[in-house]
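The values are calculated or read from the model by the stated rules, or taken from the named source; none is laboratory data. All values derive from a computational prediction rather than experimental measurement. No Cβ is skipped: glycine too gets one built from the backbone with ideal geometry, and neighbour counts run over all protein chains shown.
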Amino acid sequence: MKLHDFPVTDDHIHIDPINGRGIAAAKDFFRAGGTHIFLVSKPSWSHSVYPSKGSDFSPVFDETLRVASLIEELGIVVYPVLGIHPAEISRLSERMPLTDAIEIMKAGIDCAAEYVRKGKAVALKSGRPHYEVSPEVWIGSNEILDHALNCAAECGCALQIHAESGPCTDVGDMARNAGFPVERVVKHYGSPDTPLHPSLIAKHEDIPRLSRERRTFTMESDFMDENSRPGAVIGPKSVPRYTYQLLRNGLITEDDCFRIHTETVSKVYGVRITL
């Protein structure tokens with residue numbers, strides 16, 4: 001097979017020229033056979049931004065768009081995903097009352113939603129902590145997530161969520177209450193048992209079985225691009241490398257590849273995936 005026989009999409013990746021390998025990592029993705037990425041904004045502290053109001057997140061989003069334009073010069077199609085990492089609540093509440101932290105994060109999501117409305121991003125990002133927190137922080141995090149679901153519904157875009165392990169069944173109920181399609185809530189680092197849309201780590205052992213069952217899912221690397229954690233979560237080559245490896249070994253078919261990397265991505269995000 002030649003390079004780029006068909007689209008190969010990484011549903012959740014970070015590229016960071018300041019703290020990580022940057023464009024070199026994007027080149028690795030492209031050379032391994034990758035064609036499309038959903039470039040997700042990093043937490044504010046990764047950019048030495050310490051917000052005190054929602055608009056303070058703008059430099060984080062602007063940097064994500066700047067990096068997207070650099071990656072596009074390589075021939076990769078980039079879809080920016082902008083929002084507020086749920087761990088921000090822990091950082092912010094160290095500097096201010098929890099109620100203020102919640103309002104700043106909700107305002108940050110409003111800020112990200114403006115980028116979506118202007119066509120600069122295709123999806124929002126939110127979630128809730130994946131680590132143990134106090135009941136008050138948990139309630140506040142769900143308030144923020146509910147706000148994000150309502151913003152996504154208003155914008156007509158998908159919402160990626162970073163959350164605890166497991167199915168997150170209650171988030172499906174939250175989405176329905178917000179009038180938002182559950183299948184457009186993307187559970188980043190997801191699992192097959194979620195009622196949300198699962199974005200699976202590329203090396204997930206169930207991918208061949210789920211493909212045979214014609215289950216709906218996408219693939220991601222969650223590459224963090226941090227020099228302090230090289231290769232975490234898995235490297236930028238991973239989505240194309242595992243896809244082509246499974247195909248060569250007969251564990252998935254080209255039809256499966258089309259469904260995972262093109263058809264499903266298009267339905268979830270409302271974008272057109274072509275070579």
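Okay, here's what the table says:
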quantity	calculated
Subset of segment 156-167 that is among the aliphatic types (A, V, I, L, M) and not in a loop (DSSP other than H, G, I, E, B) - its residue that is farthest from Ala113 (Cα to Cα)	Ile161
Number of positions in segment 17-63 that are of a type in the set (Val, Ile, Thr), under 19 Å from the mean Cα position of the chain (by Cα) and more than 12 Å from Ile84 (Cβ to Cβ)	3
Hits in segment 16-57 - residues which are crowded, with 17+ Cβ neighbours inside 10 Å and of a type in the set (Ser, Thr, Tyr)	Thr35, Ser41, Ser44, Ser46
Candidate set from segment 121-179 (those that are of a type in the set (S, T, N, Q) and under 26 Å from Val67 (Cβ atoms)); member that is farthest from the chain's Cα centre (by Cα)	Ser126
Subset of segment 168-193 [surrounded by 15 or more Cβ atoms within 10 Å (Cβ to Cβ), part of a helix (DSSP H, G or I) and without any contact (Cβ under 8 Å) to a residue 60 or more places away in the chain]	Val171, Gly172, Met174, Ala175, Val182
Qualifying residues in segment 58-95 (those that are of a type in the set (Ser, Thr, Tyr) and farther than 18 Å from Phe223 by Cα) - the one surrounded by the most Cβ atoms within 10 Å (Cβ to Cβ)	Ser93
Residue in segment 85-94 that is more than 23 Å from Asp146 (Cα to Cα) and within 16 Å of the chain's Cα centre (by Cα) present	no
Unmet requirement for Asn249, which otherwise passes all of (1) closer than 13 Å to Ile207 by Cβ; (2) buried (at least 18 other Cβ atoms within 10 Å of the Cβ)	(2)
All positions within segment 215-232 that are of a type in the set (D, E, K, R) and assigned to a loop (DSSP other than H, G, I, E, B)	Arg215, Asp222, Asp225, Glu226, Arg229
Any chance Ala26 is within 14 Å of Val77 (Cα to Cα) and modelled with pLDDT of 95 or more	yes
Extreme residue, farthest from the chain's Cα centre (by Cα), among residues of segment 194-229 that are within 20 Å of Glu164 (Cβ to Cβ) and surrounded by fewer than 18 Cβ atoms within 10 Å (Cβ to Cβ)	Asp206
All positions within segment 204-248 that are over 23 Å from Tyr269 (Cα atoms) and of a type in the set (S, T, N, Q)	Asn227, Ser228, Gln245
Test result for Ala107, in a helix (DSSP H, G or I), in contact (Cβ under 8 Å) with a residue 60 or more places away in the chain and not hydroxyl-bearing (Ser, Thr, Tyr)	no
Subset of segment 117-146 [in a helix (DSSP H, G or I) and not acidic (Asp, Glu)]	Arg117, Pro135, Val137, Trp138, Ile139, Gly140, Ser141, Asn142, Ile144, Leu145
